[in-house]
Amino acid sequence: MLTETGERFLKAILERVPADRIVEIHLFPAIRQGQLETGVAVVAAEPAPTLELVLHTPRLEVHTAWYRLTRKGPERGKWEIEVKTQADAPLETVEAVVRGVQERAGEAIEPTRLTGRELLALINEPAWQTSP
């Protein structure tokens, strides 16, 4: 299901957004251009608990994430990642963000969608625990 780089990307996202808060994540296929490989994800997560959230109906945090991996050349292996909170919105808005990423890619690419439950099951698999 996930490539080694995709797994690395997902683990890096989980270092920034706790798995137990993720409602769903959309991982887009990596794009290779010359020496670089780039990947993008859209993450919908429960906000961290606060008093304000207890008093109001919670909305989800919408994060975008990207990585850039240098695959060839003198900087081979260089890894960059950014995870940015873009908005707080209902889950329906996440679908609009995903469609926007698809349109900017200029192709009909379908992301891998994992629900929070599927993500937790994946990271609890023995192979996940032992891989780099």
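The values are calculated or read from the model by the stated rules, or taken from the named source; none is laboratory data. This one's a predicted model, so the numbers in the text were calculated from it and none came from an experiment. Virtual Cβ from ideal backbone geometry, glycine too; neighbours counted across all protein chains shown.
If you check Leu119, Leu114 for being farther than 15 Å from Val62 by Cβ, outside any helix (DSSP H, G or I), of a type outside the set (Asp, Glu) and modelled with pLDDT of 80 or more, only one passes: Leu114.
Counting only strands (runs of 3 or more DSSP E) that fall entirely inside segment 1-106 and contain at least 2 residues that are under 11 Å from the mean Cα position of the chain (by Cα) and of a type in the set (A, V, I, L, M, F, W, C), the qualifying elements are 22-27, 36-45, 60-70, 79-89. Out of all the residues in segment 68-97, which are within 10 Å of Gln35 (Cα to Cα) and among the small types (Gly, Ala, Ser)? If the condition is that a residue be within 10 Å of Gln35 (Cα to Cα) and among the small types (Gly, Ala, Ser), then Gly73 is the only one that fits. Just name the residue that is modelled with the highest pLDDT out of those in segment 78-91 that are charged (D, E, K, R) and under 12 Å from Glu61 (Cα atoms). Checking each candidate, the answer is Lys84. Within segment 31-60, the residues that satisfy the criterion of being modelled with pLDDT of 90 or more, of a type outside the set (Val, Ile, Thr) and in contact with a strand residue (DSSP E or B) (Cβ under 7 Å, 6 or more places away or on another chain) are Gln35, Leu36, Glu37, Gly39, Ala41, Ala44, Ala45.
Per-residue answers, yes or no, for (1) out of contact with any Gly (no Cβ under 7 Å at 6 or more places or on another chain); (2) farther than 12 Å from Val43 by Cα; (3) surrounded by 12 or more Cβ atoms within 10 Å (Cβ to Cβ); (4) touching a residue at least 24 places away in the same chain (Cβ under 8 Å):
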site: Gly77; (1), (2), (3), (4): yes, yes, no, no
site: Glu92; (1), (2), (3), (4): yes, yes, no, no
site: Glu95; (1), (2), (3), (4): yes, no, yes, no
site: Thr112; (1), (2), (3), (4): yes, no, yes, yes
